[in-house]
Structure formats: C-alpha cells, structure tokens
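What follows is one structure encoded as structure tokens, with my remarks underneath.
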Amino acid sequence: RAKQLGKAQFQFYTEALSERLLRQFQLELGLSSALKQNELHLVYQPQFNLTHNKIEGYETLLRWVKDGNVISPADFIPVAEQTGLIIEIGRWILVKSMIEMRPLLQAQQKLGVNISLRQFQQPDFVAQIEDVLRQTGFPAAQLELEITETAVALDFEETCIKLQKLRQLGVFIAIDDFGTGYSSLSRLRSLAVSRLKIDKAFIDRLADNEVDRNLVATIIALGKNLNLSVIAEGVESEEQVMWLRSLACDAIQGFYFSRPLRLEALEDVKQTISF
Ligand code: C2E
Ligand code: MG
Ligand code: MG
Ligand code: MG
C-alpha cells in the first residue's frame with residue numbers, strides 16, 4: 001500500500017514538474033521574441049502624497065500581451081531573470097519609460113522603475129543608468145530605482161558602492177516590498193536609500209488586524225528615524241487610507257487612488273484630490 005501510494009505521489013510529482021517545465025519553456029520561447037514583436041508595453045501607476053494631496057510620482061510596470069492574453073509580470077519576470085533576457089528587456093524599460101514620461105512629469109514628480117536582481121548585479125549597472133540618462137536627457141533627480149531587500153542582502157559591500165554612485169548621479173533609490181525580506185537595521189542605515197515601500201501584504205489587513213497595523217506603524221517610525229520617506233503599496237480602501245493618514249505615512253499607491261494606466265490615460269488623472 002505504501003509502495004503504491006509512493007508511486008502515485010511520484011507520478012503526481014513528475015507530472016506537476018513537467019507541466020511546470022513546459023510552461024516555463026513556452027514562456028521562455030515567447031518572451032525571447034516579445035520585444036521584437038511589440039508585445040511589451042508599459043503602464044504607470046500614480047503615487048499619491050498624503051501630506052500635499054498631490055501625485056508625487058508614477059511607478060512603471062511592465063505588461064506583456066500575447067495573443068490577446070495579458071501575462072502577469074509575476075509569472076514572466078522570473079523567467080526573464082533566469083534566461084538573462086531581463087538585461088535587454090530591463091534596458092528597454094528604462095529607455096522607453098523615460099522617453100514616454102518626460103513630457104508628462106511635473107518638475108517635482110518622480111518616475112519609479114523596478115530593477116530586477118540580475119539587472120542590478122551587472123558590474124556595469126551604474127554606467128548603464130548613466131548612459132540611459134544621457135541618451136534620453138531625462139533628469140537624474142526625477143528617477144527612482146526600486147530594488148528589493150534581496151539585492152542588499154546578497155552582496156552588501158557591492159550594493160553599498162553601487163547605490164552611492166547612483167546617488168552621486170542624482171538618482172533616488174527605494175526599497176521595494178519592504179518588510180518581506182531580511183534587512184538589517186544597521187545595513188539599512190548605511191545605504192544611500194531614500195524611501196521604503198511597505199509591501200501590500202501588510203496593507204491588506206491594516207483595517208482589521210492589530211498586529212499588521214503595529215507592523216506598519218513600526219515601519220513608518222523606522223522611516224522617520226532613518227530620514228526615509230515611506231509609501232504604502234496596494235492600498236485599496238478608504239479605511240486603509242484613513243489608517244495610513246493617522247499613522248503619518250507619507251504616500252500611498254494602489255487601486256483606491258488609481259490602477260496602473262496606459263500613457264494615453266494618464267493625462268486624465270486628477271493631479272490633486274482631497275480624501
Ligand atoms: P511591485 O514592484 O511590488 O509592483 C506592485 C504590484 O502591485 C504591481 O503588480 C501593481 O499592479 C500591483 N498593485 C498596485 N496597486 C494594487 C492594489 O491596490 N491592489 C492589488 N491587488 N495590486 C496592486 P504587477 O504590475 O503585476 O507587477 C508585479 C511585480 O512584477 C512587481 O511588483 C515587480 O516585482 C515585477 N515587475 C513589474 N514590472 C516590472 C518591470 O518593469 N521590471 C521589473 N524588473 N519587474 C517588474
Ligand atoms: Mg515596485
Ligand atoms: Mg512592491
Ligand atoms: Mg514585487
């Protein structure tokens with residue numbers, strides 16, 4: 001009986017595995033031509049400042065539409081990372097977003113761009129950023145790169161130097177998905193970072209879970225102490241906004257204020273709203 005069960009489990013396991021491999025292979029294949037086939041485009045999600053009640057920036061998010069279906073970046077970014085395609089795609093995202101958003105951005109607003117681990121780890125990453133800024137004429141002080149805690153944890157010394165160089169260029173750095181990784185406080189203090197993005201996971205139950213609320217309050221306090229601004233990700237309800245305001249969070253980003261939008265739709269977004 002045990003043997004039978006074992007066999008069934010093994011079968012189940014190999015089927016699940018090969019299905020996953022097949023799917024991964026299909027993604028790889030599709031992704032390698034997605035750029036050339038014009039299947040990739042960018043959307044931008046407004047970030048709303050709670051002190052000034054104004055849009056303070058936009059986060060760039062990648063979209064892949066293949067045969068009419070939208071494939072989630074959560075599914076294909078890891079594949080792009082594994083295959084190394086992220087290097088080419090990442091560079092395209094930087095150039096494209098800067099060109100598209102430059103005419104639209106107001107002087108005090110920033111453009112956020114997600115940088116994946118492998119992209120950040122390239123030895124010449126800083127030179128690439130410098131290059132793109134020169135090529136597009138985009139003001140360095142309006143660019144905010146989003147990196148995750150993992151990048152910091154993996155190679156602290158190297159990260160420290162890179163972030164310092166980027167800061168010297170005038171570029172800003174945010175730690176994305178903050179709270180889900182393992183940032184040590186002493187390390188965080190010595191990095192040239194200017195903002196923390198609280199992961200959506202902590203915001204989801206902000207209104208009805210005291211533990212999560214305390215965690216969010218702690219992250220906001222940490223930001224204040226380290227002189228970093230704090231933005232909450234994935235804000236979906238008025239109640240959450242109310243809590244974030246009362247906790248003195250600097251800014252919010254989420255469906256409650258606006259979904260990520262295509263460039264054409266951005267002009268219709270109200271710049272100032274009081275809620
Ligand atoms: P992220 O950088 O943390 O981006 C935030 C994600 O939350 C986005 O998902 C956004 O659409 C979603 N979001 C924003 N507000 C809400 C909300 O109120 N409710 C809900 N349910 N979701 C909300 P998206 O666009 O699917 O991207 C997922 C992840 O994929 C990103 O997480 C980022 O890690 C990665 N990604 C997306 N675009 C890029 C890119 O251009 N380059 C790189 N390297 N990674 C990207
Ligand atoms: Mg992000
Ligand atoms: Mg995030
Ligand atoms: Mg993320």
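Among Ile77, Ala207, Leu163, whose Cα sits farthest toward the positive end of the charge dipole of the chain (+1 at Cβ of Lys/Arg, -1 at Cβ of Asp/Glu, about the Cα centre)?
The one lying farthest along the dipole's positive direction is Leu163.
So for the stretch 106-259, Kirkwood radius off the Cα pairs, Stokes-Einstein at 25 °C and 0.890 mPa s: how many µm² s⁻¹?
D = 152 µm²/s.
Considering the options Thr218, Leu244, Phe48, tell which one lies farthest towards the positive end of the dipole of the chain, charges being +1 on Lys and Arg and -1 on Asp and Glu at the Cβ, about the Cα centre.
Highest projection toward the positive end goes to Thr218.
Which helices count as membrane-span-like in the chain under these terms: full DSSP H, at least 27 Å along the axis by C-alpha, Kyte-Doolittle mean of -0.5 or more?
2-34
For Ser72 and Glu239, what is the calculated FRET efficiency with R₀ set at 35 Å and r taken between the beta-carbons, to the nearest 0.05?
0.85
So, in Å, what gap is there between the alpha-carbon centers of the stretch 218-256 and the stretch 132-208?
So the two Cα centres are separated by 17 Å.
For the pair Ala265/Arg91, report the inter-label distance in nm, with labels modelled 7 Å from Cα in the Cβ direction.
Result: 3.1 nm between the two label points.
Helix-only estimate, please: 222 nm mean residue ellipticity of the chain, summing -39500 (n - 2.57) across DSSP H runs of length 4 or more and dividing by its residues, to the nearest 500.
Result for the chain, helices only: -15000 deg cm²/dmol.
In debye, nearest 20, what is the charge dipole magnitude of the chain about its Cα centre with +1 on Lys and Arg Cβ and -1 on Asp and Glu Cβ, if you could check?
Here the chain has a charge dipole of around 280 debye.
Once the piece of chain linking Lys165 and Asn209 is laid out straight, how much longer is it, given 0.36 nm per residue of separation minus the C-alpha distance between them?
11.8 nm
We did not get these values from a lab; they are worked out from the coordinates using the rules stated. Only a predicted model underlies this, so the values are computations on that prediction, with no experimental measurement involved. Neighbour counts are summed over all protein chains in view; Cβ atoms, including those assigned to glycine, are modelled from backbone coordinates with ideal geometry.
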